[in-house]
Amino acid sequence: MRDLTYRNLIAVIHKIESKGYDFEEFKRLARGVFAGLQNHPQGLSIEKWIRQILTKEEWEKEYRK
């Protein structure tokens, strides 16, 4: 799952959505995952990129103080 296809995008969106983000946020994050893969083709897999994304609650605790 390295190419930006509709099926891969939907799979990534569902994984990010399960972390508590709303539509605009997970759409932006999903695009960022695929952009990161294009910029670093020998880097992390999609699953590792998604694991690095904090849950909505963790992000709010860290960055919205």
Which numbered condition Lys27 misses (of (1) loosely packed, with under 14 Cβ neighbours inside 10 Å; (2) in a helix (DSSP H, G or I)):
(1)
Single condition Asn8 does not satisfy, out of (1) in a loop (DSSP other than H, G, I, E, B); (2) at pLDDT below 90:
(1)
Leading residue by the ranking (nearest to the chain's Cα centre (by Cα)) among those in region 1-24 that are surrounded by fewer than 14 Cβ atoms within 10 Å (Cβ to Cβ) and of a type in the set (Lys, Arg)
Arg2
Scanning region 48-65 for residues that are in a helix (DSSP H, G or I) and either without any contact (Cβ under 8 Å) to a residue 12 or more places away in the chain or in contact with a Phe, Trp or Tyr (Cβ under 6 Å, 6 or more places away or on another chain) (or both) gives Lys48, Arg51, Gln52, Lys56, Glu58, Trp59, Glu60, Lys61, Glu62, Tyr63
Taking the residues in region 30-41 that are under 11 Å from the mean Cα position of the chain (by Cα) and surrounded by fewer than 18 Cβ atoms within 10 Å (Cβ to Cβ) as candidates, determine which candidate is nearest to Trp59 (Cα to Cα).
Gly32
One residue is enough: does region 42-61 have a residue meeting the conditions surrounded by fewer than 15 Cβ atoms within 10 Å (Cβ to Cβ), among the hydrophobic types (A, V, I, L, M, F, W, C) and at pLDDT below 85?
yes
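The values are calculated or read from the model by the stated rules, or taken from the named source; none is laboratory data. The structure presented is a predicted model; accordingly, all values stated were derived computationally and were not measured. All Cβ positions, even for glycine, are placed from backbone atoms using ideal geometry, and neighbour counts span all protein chains on display.
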